[in-house]
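Note sheet for the following structure.
The values are calculated or read from the model by the stated rules, or taken from the named source; none is laboratory data. Just so we're clear, the structure is a prediction, and the values are computed from it rather than from any experiment. Please note: Cβ atoms are built from the backbone with ideal geometry, for glycine as well, and neighbour counts cover all protein chains shown. Note: accessible area is taken over every heavy atom of the protein model, side chains too, but ligands, DNA and RNA are not part of it. Shrake-Rupley method; radii C 1.70, N 1.55, O 1.52, S 1.80 Å.
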Amino acid sequence: MVLSTSLNDKVTSRMMSIIVIDGKFYFQTDNTFRKYQQIQGNPNVALCADNIQIEGVCNEVGRPQLSPEFCKLYNENFSVSYKLYSELENERLFEIIPTYIQKWIYVDGKPFIGAFDFKNKIYTKQAYI
């Protein structure tokens with residue numbers, strides 16, 4: 001997925017290996033990287049994959065090795081990254097709690113926008129006219 005972060009009106013994006021556990025999104029990164037500093041200063045982030053847009057709040061939750069479930073899934077899905085980075089001293093685990101998800105949906109060739117507002121627990125599907 002693409003992860004977008006921002007700080008001081010500067011937005012950056014990069015490809016990330018994302019794991020989903022119990023409706024939350026997880027990734028690991030080095031605490032010396034720019035995205036780490038941006039998240040520390042502004043926890044509002046966005047993810048994008050295909051035609052799915054996700055907004056959420058991101059928080060550091062510790063070291064990857066302290067989360068057995070994350071490590072198991074990360075190793076199963078991204079084994080090279082797991083082996084290269086997960087045990088490094090500077091690696092940190094982050095959790096994104098989604099606040100809004102939007103997706104383009106096509107029904108019989110007609111476009112709709114499906115959206116879920118997590119705060120208000122409302123799903124909408126509107127025809128795009």
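Worth a mention:
- R0 of 41 Å, Cβ-Cβ distance Glu89-Lys119: FRET efficiency to nearest 0.05: 0.65
- Nearest-0.05 FRET efficiency for Ile105 and Val57, computed from C-beta distance (R0 25 Å): 0.50
- Cα-Cα P(r), the chain, percent of pairs per 10 Å interval: 12, 39, 31, 14, 4, 0
- Segment 1-101, dipole about Cα centre (Lys/Arg Cβ +1, Asp/Glu Cβ -1), debye to the nearest 20: 200 debye
- Estimated [θ] at 222 nm from DSSP helical runs (n ≥ 4, -39500 (n - 2.57)) normalised by residues in the chain, nearest 500: -5500 deg cm²/dmol
- Rolling a 1.4 Å probe across the protein heavy atoms gives segment 25-129 an accessible surface of 63 Å² per residue.
- The chain, accessible surface, carbon-and-sulfur percent (1.4 angstrom probe): 52 percent
- Taking each of Lys24/Lys110; Lys24/Lys83; Lys72/Lys119; Lys35/Lys125; Lys10/Lys83; Lys83/Lys119 in turn, the alpha-carbon distance tops 28 angstrom for Lys24/Lys110; Lys72/Lys119; Lys35/Lys125; Lys10/Lys83; Lys83/Lys119.
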